[in-house]
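Take a look at the structure below.
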Amino acid sequence: MMNRSFADSRIQQIPTTAGHSLSARVAGTIAGDPTATVILDASLGAGKSMWEPVADELLALEPGIRLVAYDRAGMGLSGAPRDNRHVDDMINDALCVIDAQAVDGVPLILVGHFLGGLIARMAALKMEKMRRPPDGVILIEPGDELFGWSTDPRTVALMRSTTFLSRISDKFGMFDVFASASLPEDLPHRKLMRLDTTGKAYDEEARAFFREMKILSVQLPPMPESPAVLIASSKSYGEFVRARGNQITVVDAGCGHIVPLRAPILVADYISVFVNNAINARGKNNIGQN
């Protein structure tokens, strides 16, 4: 069974070990073995809908893959977490999605934007410790590289005011207006960024994200050993990442922070390259074992 349209794809509820379920769109090859499984993890305060432009481009390039984009707990149609949000819980939820959708012997690619990049990175590190590493990791403007930025007093003040306004606007039924105002007017498909969230959910995710940044700022976690690429919004961002000692290929998208909406073809092309590299690598390994 194959579904090539992301917006028309089937929504599934994926159970987690924490007791809630996660709402996911699963497109491409749903029944049977796909050529690869690609898991998409959304940005801070966003859900599965933000991936629609990338997904449609990618499914045109790689119709045989299984493409999975999901809403984190409390977002969209996903169940709410039982306790306050923590990034560790988000990582464990991501692993539940991977366990539910990945297929043994089939390449697995993890993709994340901003907060989703942190989750993809940390999930990959956990999988490597379990000796079942992903075949590739694509980090798009990953928030975990912004440790200095996230602890800067001006940034903290801005983030606190943003989360406060998100809650207040939500309380008075004005979150859609606030969400639109907080995004660039020229951003393509800008409504997709806030389609799966509320002011309360946005606020709670932001607070969890900044708590984690303070913890991780003490020691930068390593990059996964799996093949990885970082897609940055600008050359200066890439230089900042390299200055922190990370050995990773950096691609300059040159299009602003919300790369999946501004440059979906670029993102889809890199995922396609990773998919095909993983397929070829697994094929060579199978030949070597025979």
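Structure notes:
- Pairs from the list 48/200; 126/214; 48/126; 200/235 with a Cα-Cα gap above 27 Å: 200/235.
- Projected label distance in nm at residue 239 and residue 17, using a 7 Å step from Cα toward the beta-carbon: 4.3
- Derived scalar couplings ³J(HN,Hα) [the range 110-127; Karplus, 6.51 cos²θ - 1.76 cosθ + 1.60; whole Hz; x for Gly, Pro]: 9, 10, x, 10, 6, 4, x, x, 4, 5, 4, 4, 5, 5, 4, 5, 5, 5
- Taking Lys and Arg as +1 and Asp and Glu as -1, the other residues whose beta-carbon sits under 14 Å from that of residue 274 total -2.
- Ranked by the mean number of other Cβ atoms within 10 Å of their residues, highest first, the peptides 128-137, 43-52 fall in the order 43-52, 128-137.
Where a number appears in this text, it was derived from the coordinates with a stated rule and is not lab data. On a predicted model such as this, the values are computed, not experimentally measured, just so you know. Glycine also receives a Cβ, built like all others from the backbone with ideal geometry; neighbour counts cover every protein chain displayed.
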